[in-house]
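Notes follow once the structure below has been shown.
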Protein chains: 2
Amino acid sequence: MNENRIVQLLKSRYSRRSVSIKKGIGDDAAVIRPRGASEYLLITSDMLLEGVDFRVEWTTPLQLGQKAIAVNLSDLAAMGARPRAFTVSLAVTRGISERWIRDFYDGLTDPKHSMGAHLIGGDLSSSRGGISISVTALGESLERKVLYRHGGRAGDIVYVTGVLGRSAAGLKLLQKSIVHPRTEPQRAALRSHLSPLPRCEAGLWLAQSGFVRCMMDLSDGLSADLPRMCAASGVGAEIDEAHIPVLDESRGWGFNPLQLALHGGEDYELLFAVSKRKADLFEKVYPSNLPRVTRVGRLISDASKILMISESGRRFRLLDQGFDHFR
Amino acid sequence: MNENRIVQLLKSRYSRRSVSIKKGIGDDAAVIRPRGASEYLLITSDMLLEGVDFRVEWTTPLQLGQKAIAVNLSDLAAMGARPRAFTVSLAVTRGISERWIRDFYDGLTDPKHSMGAHLIGGDLSSSRGGISISVTALGESLERKVLYRHGGRAGDIVYVTGVLGRSAAGLKLLQKSIVHPRTEPQRAALRSHLSPLPRCEAGLWLAQSGFVRCMMDLSDGLSADLPRMCAASGVGAEIDEAHIPVLDESRGWGFNPLQLALHGGEDYELLFAVSKRKADLFEKVYPSNLPRVTRVGRLISDASKILMISESGRRFRLLDQGFDHFR
């Protein structure tokens, strides 16, 4: 049993057609069209669980709130939606202080991370286990331009935003008990892990630009997420090892930057494809004030292959070693 | 610290005005109006946690799914909305079987409990603690007729649907290890507790009827929920002990029916108020095929008083002894 298999099972069993539901299970967010509405409404839910997704020794309640909203907005960003509102279900152990709860909600509603989405409700419960957080975020399309995981075609150029593996490097620093690093690159890695910023502006621009064929966010690592986008698009992919924007500094911290970039997860960057014909123009017009985009490979017609091309030109299978809750 | 206090805190800190948000924190569901939409969209989130809200020894995964969707739809019913779609965040311990997961989702999507709402997405995670379930349900208004907790006025007649205390009686039977009762009333009590049916049809009728001034669902017990409706409406209330529709049979099981009805919680019945002038007519036209409604008291102008009038005519304060996660 693994996550992809369960999602596939749910998708096949519970996909119902309905005029108002444009996209149900299986993408970064569901897409519905309320009666008479001029725009689509996008809905996504994401959980953070103590001991699985975070440790209270490593994060402040403020950061935890910032991360809980950011990981949800990342799913909206991946489809080009504008964040509008969210609910949060929070279960905490009985002894928790009012201060902790206030700090957590301050994090959730921090404009830098919540990007204008309003907290509109939720649920609050005591927990016998650890802290459990589930956020549901609602977004709105702009001119109904929404990007899905499907839509990519063989030959398309594959891009990612930002740097991959920084969040995983942050996690590894914490695991080495480096909780208060002295250098800025290490602090940035911790920030990436503890309170990531969703790529909402980039996602919106990419969806509006007309250049992008398919998109998703990178939450479980390139090696886990790229196969999902490829499966939805019915294609394979080739990735150029040398082109992956890794976090070079992390080598000096004793880590393998490439491994972190491929399998680390939680980068909340965007993964997308642009038709080859338009790729140069796309790169030319892409705004310089948005997170940089990097060409990392291309989609190929053989849907069974997710390949990596090493610097020496050797091709090998990119095995999914990304994060899976059930592996 | 208690739940009401935390919700009050959140409401005062995070209530933001926005043209599209008609109602944020503080009612059974949030109400938004998507751009151009002809109807309101209602959103509610509710959690069920192992060890707090359920025990795996007492419930099947099918029942657990049925309950998880029902408790959410009850919030939509309380505002008169029609269930449309929902997401579910599910965290389960690693060893869980695919069968368990399938049964749970079959319960969630069971038409009798999900009332036509479509499963459109969610999140799936492993858990170090117990099972954690958070559902977010979306509903749609009909002709924009939505009922809130506010709107009640002194003099209004207070009603409830169904019987109160049946779910709590079911829980008490389970606590006495009566897991397979032999009599139908006991089986019905277990069903009420393990797989309640949301009062969607009644809620929709009540909202459409024009008779109802304010409404909410009874999830934490009359003694906890009535003060919430009163606070929102700026009134107090008097309840006639003799009129509360208790589960008489439960006396024979060794329980106190009145205590269960007042403080038991999880009945998921509806609590609402109708102007005194229209109460007789309302009772005359209320459809006989919907769960019965019972007059239990009236709203009074003194907002500081939630009173109970005993059969002998004595008045005393109805103390909130309903379920509170933080008490």
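The values are calculated or read from the model by the stated rules, or taken from the named source; none is laboratory data. Computed from a predicted structure; not experimentally measured. All Cβ positions, even for glycine, are placed from backbone atoms using ideal geometry, and neighbour counts span all protein chains on display. Heavy atoms of the whole protein, side chains included, go into the accessibility calculation; ligands, DNA and RNA do not. Shrake-Rupley method; radii C 1.70, N 1.55, O 1.52, S 1.80 Å.
For segment A:164-189 and segment B:57-84, write down the distance between their C-alpha centroids in whole Å.
Centre-to-centre distance over Cα atoms comes out at 42 Å.
If you keep only loop residues by DSSP, which trypsin sites (Lys or Arg not before Pro) in segment B:281-318 have at most 14 other Cβ atoms within 10 Å of their Cβ?
Listed in order of number, the matching sites are B:R292, B:R314.
At 7 Å along the Cα-to-beta-carbon direction for both A:R153 and B:R191, put a label point, then send me their distance in nm to one decimal.
5.6 nm
What whole number of Å gives the distance from the Cα centroid of segment B:243-296 to the Cα centroid of segment B:26-56?
So the two Cα centres are separated by 24 Å.
Magnitude of the Cβ-charge dipole of segment A:148-220, K/R +1 and D/E -1, about the Cα centre, nearest 20 debye?
In debye, rounded to 20, segment A:148-220 gives about 240.
How much length, in nm to one decimal, is gained on full extension between A:S97 and A:R55, taken as 0.36 nm per residue of separation minus their Cα-Cα distance?
Taking A:S97 through A:R55 to full extension adds about 13.4 nm, to one decimal.
Taking every DSSP beta bridge that has both residues in chain A, what percent is antiparallel when rounded to the nearest 5?
Restricted to chain A, the bridges split so that about 75 percent are antiparallel.
Using a Förster radius of 41 Å, what is the FRET efficiency between B:H180 and B:K284 based on their Cβ-Cβ separation? Nearest 0.05, please.
Plugging the Cβ-Cβ distance into 1/(1 + (r/R0)^6) gives 0.45.
In percent, how large is the relative contact order of segment A:1-123, given Cα pairs closer than 8 Å and 6 or more residues apart?
Computed over segment A:1-123, the figure is 22 percent.
Just the number, please: buried accessible area between A and B, total of both chains, 1.4 angstrom probe, nearest 100 square angstrom.
In total, chains A and B hide about 5800 Å² from solvent.
Per residue, how much accessible area does segment B:1-159 have with a 1.4 Å probe, in Å²?
On a per-residue basis, segment B:1-159 sits at 36 Å².
Given an 8 Å cut-off on Cα distances and at least 6 residues of separation, report the relative contact order of segment A:195-279 as a percent.
It comes to 49 percent, rounded to a whole number.
First compute the accessible area of segment B:251-317 with a 1.4 Å probe, then give the percent of it belonging to carbon and sulfur atoms.
Whole-percent figure for carbon plus sulfur exposure: 47.
Would you mind getting the Kirkwood hydrodynamic radius of segment B:110-223 from its Cα pairs, rounded to one decimal in Å?
Roughly 17.4 Å, rounded to one decimal.
Report the convex hull volume per residue for chain A, counting only C-alpha atoms, in Å³.
Each residue corresponds to 147 Å³ of Cα convex hull volume.
What percent does the relative contact order of chain B come to when contacts are Cα pairs within less than 8 Å and at least six residues apart?
For chain B, the relative contact order is 22 percent.
Longer than 27 Å from Cα to Cα, which of B:K11/B:K284; A:K11/A:K145; A:K67/B:K67 are they? Say none if no pair is.
Over 27 Å apart, Cα to Cα: B:K11/B:K284; A:K67/B:K67.
In the neighborhood of A:F255, defined by Cβ-to-Cβ distances under 14 Å, what is the net charge if each Lys or Arg adds +1 and each Asp or Glu adds -1?
Residues close to A:F255 contribute a combined charge of +2.
So, with +1 on the Cβ of K and R and -1 on the Cβ of D and E, and no other charges, what is the size of the charge dipole of segment A:73-148 about its Cα centre, to the nearest 20 debye?
I would put it at about 60 debye.
Would you mind telling me the antiparallel percentage of the DSSP bridges in the protein assembly as shown, rounded to 5?
75 percent
Loop-only check: which chymotrypsin sites (Phe, Trp or Tyr not before Pro) in segment B:203-278 are DSSP coil with at most 13 other Cβ within 10 angstrom?
none
Per-residue accessible area for A:E143 at 1.4 Å probe radius, Å² rounded to 10?
120 Å²
Roughly speaking, to the nearest percent, how much of segment B:15-100's 1.4 Å accessible area is carbon and sulfur?
Roughly 46 percent, rounded to a whole number.
If each of B:S301 and B:R128 carries a label point 7 Å out from its Cα toward its Cβ, how far apart are those two points in nm?
My value for the distance between the label points is 5.8 nm.
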